[in-house]
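Read the structure below first, then the notes.
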Amino acid sequence: MQVNIRLLGRLRDHVPAEKRGRVQLELAPDAVVQDILDELGIEEHVMIAVNEEQESNGQTRLQPDDQ
């Protein structure tokens with residue numbers, strides 16, 4: 001499934017500069033938020049929002065086209 005990611009602040013350093021903090025990832029159908037962090041190499045504690053709703057659980061399941 002494909003999800004759209006927008007990184008802010010210094011998290012933008014995890015993607016090429018020309019992406020300007022925005023990237024699409026192809027993930028497994030059963031992916032969770034933590035899979036995105038792992039894929040991008042983000043290890044520090046960060047605030048996460050899925051579809052403009054703040055998430056506190058890295059195990060939240062994602063749906064196709066989530067942002």
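The values are calculated or read from the model by the stated rules, or taken from the named source; none is laboratory data. Just so it is clear, the structure is predicted and the values come from calculations on it, not from any experiment. For the accessible areas, the whole protein counts, side chains as well, though only heavy atoms, and no ligand, DNA or RNA atoms are used. Shrake-Rupley method; radii C 1.70, N 1.55, O 1.52, S 1.80 Å.
Would you work out what percent of the accessible area of the chain, with all protein chains in place, is carbon or sulfur (probe 1.4 Å)? Don't skip to the end; give the middle numbers.
Numbers: 2150 of 5020 Å².
Answer for the chain: carbon and sulfur cover 43 percent of the accessible area.
Between Gln34, Gln24, Gln54, the Gaussian network model of the chain with springs among Cα atoms under 10 angstrom shows the greatest mean-square fluctuation at Gln54. Here is how the number arises for the chain: DSSP H runs of 4 or more residues each give -39500 (n - 2.57), the sum is divided by the residue count, and the result at 222 nm is -3000 deg cm²/dmol. Of the three principal axes defined by the Cα atoms of the chain, the extents in descending order read 29, 22, 21 Å.
Net length available on complete extension from Glu43 to Gln67 is 6.7 nm, with 0.36 nm assigned per residue and the Cα-Cα distance removed. Within the listed set Ala17, Ala31, Ala49, the Gaussian network model of the chain (springs between alpha-carbon atoms below 10 Å) gives the highest mean-square fluctuation for Ala17. Report relative contact order for the chain in percent, whole number only (criteria: Cα-Cα under 8 Å, sequence separation at least 6). Value for the chain: 41 percent.
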